[in-house]
Ligand SMILES: Cc1ncc(C[n+]2csc(CCOP(=O)(O)OP(=O)(O)O)c2C)c(N)n1
Ligand SMILES: [Mg+2]
């Protein structure tokens, strides 16, 4: 690793007298912070008062969880820190879910947690809870300001570590430590460059790739975070290798590229699965090979068990963790790809011998999958046929295909957790990185909408679209207030199927349609709710209206207006999330016998 310091320091220079609030805010300035998400609280009023003079926008949100997700979306689209802050105690505990989500999305979120005053800590006063243990497993670094003189040093370190360790960090500040006089210097941000990996392992990887007869690249989030798309493309082209994207990182490789074959994992591309199944060498570039991303899908147990795996990841702890690997390289995805290109260029590649046949297989699989998707307008299991037969609403797949067709250039799309959002995986294709913001492995409902709001703040000139199920919408629509109040125009596409569909699917498949708590009866009209909250609300009933509705909503963003598109869809349900993790019910006690599997 090389160390270098950046020279964007606009903060005061040199050691001097200041208040800890000034030291804190100047550290934010030094770190390039322009936006902070949160809800006001007395605990940090003195620092907040300085934000406007420091050129920092405070974005007032509806719920701290939303603020944490916004910081996450902001970080994911920009590659810079996302920052959130709240009142000690309940404001901070409201951050828990969003910080856990940011942890699994590898987002450099810095969470500022003012805490109860140092002189009353432990006395059980007002809004007191231990704020470090709660976050200890979902942050990469926790700074506790144990002395006000260390305010700038520790705040700065939390910012540096968030980038260095690719995840959320915490700065915990006893609220009385904002006041007083200190003598200090504002640290300059660290900028640590990641390298290409060890020479020996790069040589081994290059040798494996040179001998491979059917190399396949698996493009992961490391390509997105490392802005390594061009390098990944070059390496794939050199090898003429099909490229699959890892689960929920559909933006890791440009979908229009002839070598792209789509996402692996839940509701992914059969073409990608069938091609990786043929691989003798898998080049996993910038992916931790998370356990959820390679589960069998569409009845295909596609992971190539005999293939040699080269895994490249920026976090050494991820190497060989989930899959056994032949070569592990701890590296920046782009730098490693460049180093491999340098080693392989002009070399004799074994895969050249069957290149035409491999490319023909790639084209055929892709064509077949597109044909299958075109014909797959509705789910065909018994439950789905029953409910959709009785409904005049849209089939979710048809609606998703229309959204795909109308998707604007440079779109940013966030997706929630739910059955329809999961099915959307097959229809989300992107031309560039930093475009897809799914609720990653933490998988919390309520992720997508606030996350896209944060993304829009970081990239106001890009169309911002959230895919959200109606259940998840019930958790997160409060942030429409933030869109309207703070003039952050986005589009929320709410899939109204009147149910917590993904969980209902488990009732259908495992519990003989004994539905408990899965029907969302007597919902309000979400379009009307949006209008009442000062946004546009449109109810979409017909497939032919889907494309125009999305185009209008995107145009409205350019005029500063937020739109909720309420998509009226049938109750049919795609394949379940966790077939692997459920079993048919076994009952021993007589009173429960009626619920046993027949
Ligand atoms: C915070 C949270 N609570 C509960 C769950 C469990 N869960 C997973 S999917 C799902 C249903 C989602 O329903 P909806 O948003 O309406 O989308 P649909 O499945 O109907 O498309 C639930 C409750 C979760 N993932 N996150
Ligand atoms: Mg639903």
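No value in this document is a laboratory result; all are computed from the given coordinates. Just so you know, these numbers come straight off a predicted model, no measurement behind them. As a convention, Cβ positions derive from the backbone with ideal geometry for all residues, glycine included, and neighbour counts pool all protein chains shown.
Annotation: peptides 326-336, 540-550, ranked by per-residue average of other Cβ atoms within 10 Å with the highest first, follow the order 326-336, 540-550.
log₁₀ I(q)/I(0) of the chain at q = 0.06, 0.08, 0.10 Å⁻¹, via Debye over equal Cα point scatterers, no solvent, to two decimals? Values returned for q = 0.06, 0.08, 0.10 Å⁻¹ are -0.33, -0.59, -0.91.
Sorted from fewest to most neighbouring beta carbons within 10 Å, what does the list 407, 119, 111 look like?
Numbers: 407 22, 119 9, 111 31.
Fewest-to-most Cβ neighbours within 10 Å comes out as 119, 407, 111.
Note on the chain: helix-only mean residue ellipticity at 222 nm, from DSSP H runs of 4+ residues weighted -39500 (n - 2.57) and normalised by residue number, equals -10500 deg cm²/dmol.
Among 526, 303, sorting on how many other beta-carbon atoms sit within 10 Å of each Cβ, with the fewest leading, yields 303, 526.
Normalising by the residue count of the stretch 446-566, find the relative contact order in percent from Cα pairs under 8 Å and 6+ residues apart. All intermediate terms of the calculation are to be shown ahead of the outcome.
On the way: 191 pairs, mean separation 34.5, N = 121.
Relative CO of the stretch 446-566 lands at 29 percent.
Note on 470, 416: ascending count of other Cβ atoms within 10 Å places them as 470, 416, the fewest first.
Distance between Cα centroids, the stretch 440-496 to the stretch 363-401: provide it in whole Å. Centre-to-centre distance over Cα atoms comes out at 26 Å. Note on the stretch 480-598: Cα-Cα pairs beyond 24 Å make up 46% of the total pair count.
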